[in-house]
1. Taking springs between alpha-carbon atoms closer than 10 angstrom, which of 75, 89, 187 fluctuates most in the Gaussian network model of the chain?
2. Using a 1.4 angstrom probe, figure out how much accessible area the chain has per residue, in square angstrom, rounded to the nearest whole.
3. Tell me the Rg and the Dmax, in Å, that the Cα atoms of the range 129-218 produce.
4. Rounded to the nearest 0.05, what FRET efficiency do residue 54 and residue 190 give with R0 = 25 Å and r taken as the Cβ-Cβ distance? Could you check?
5. Could you please state, rounded to a whole Å, how far the C-alpha centre of the range 1-54 is from the C-alpha centre of the range 169-188?
6. Each label point is 7 Å from the Cα along the Cα-to-Cβ direction; what then is the distance between the points at residue 79 and residue 153, in nm?
7. Quantify, in whole percent, the carbon and sulfur part of the accessible surface of the range 80-158 (1.4 Å probe; protein heavy atoms only).
8. Could you give the dipole magnitude of the chain about its Cα centre, charging the beta-carbon of Lys and Arg +1 and that of Asp and Glu -1, in debye to the nearest 20?
Amino acid sequence: MNKIVIAIDGWSSCGKSTMARQLARLLNYIFIDSGAMYRAITLFFIRNHIAIEKVDEVEKALQDIHLEFKLNSTTLNNEIWMNGENVDTLIRDIKVAERVSEVAALAQVRDFAVAQQRLIGAQKGIVMDGRDIGSVVFPEAELKIFMTADPEIRVTRRLKELQAKDPSITVEEVRKNLATRDHIDSTRAISPLRQPEDAIVLDNSNLTPDQQLDLALTWAKERIGLH
Ligand code: C5P
């Protein structure tokens, strides 16, 4: 069967990863959460007190980071491992979220992550979500979806998710984090978040998860040549 690359980009907390994961499962494709790579790198930098303004220190740190996605046979999710440790849960912490956008803005970090993303995508049959997947990583992707949603709806969704793990998280913390990340991600010099011209915009403010998945699946089947 004709295998394609599906790029899903958009603002923080639009539900990109959830939809991308479900879409990949329905198509029997690989799902890669590119944000997880930037979050894992950030976790390494936090743990090892890497000074991000020091180019040498950043380069040396990246040489010590080995990232892998491994299938969890119970949940059937592809989880991220760093240097032999499953960090899939740890990287969702707000402490990582607070630092990730400044780390992801560094040229060496982007080169490191993008090279691995392209390698994984070379085989096609992949759904990857992030900020620059359709614009930079896979400009030739057969299907590009740009996800957006009302900012307050995004705050409410992310708050619910984070409070399930840590009830002390406040709405102000989450609102500030999303606004800061959106700002840094869309204004950074290298690969800023942009809506590719050939992307389909999916505003899910008023859509249920099933409704948006149905739309994405229809678009994917059209591109694959299945009707
Ligand atoms: O998707 P997620 O919110 O987990 O991504 C975390 C952060 O990683 C984003 O806010 C952004 O700074 C960075 N990122 C990126 N490029 C990507 C994916 C994520 O810069 N392709």
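1. Maximum among the listed residues: 75.
2. 50 Å²
3. Taking only Cα atoms of the range 129-218, I get Rg and Dmax of 14.8, 43 Å.
4. 0.90
5. Going from one Cα centre to the other spans 18 Å.
6. 3.2 nm
7. 56 percent
8. That gives a dipole near 280 debye.
The values are calculated or read from the model by the stated rules, or taken from the named source; none is laboratory data. Fair warning: this is a prediction, and the values are worked out from it, not measured in the lab. No Cβ is skipped: glycine too gets one built from the backbone with ideal geometry, and neighbour counts run over all protein chains shown. We work out accessible area using only protein heavy atoms, side chains counted, and drop any ligands, DNA or RNA first. Shrake-Rupley method; radii C 1.70, N 1.55, O 1.52, S 1.80 Å.
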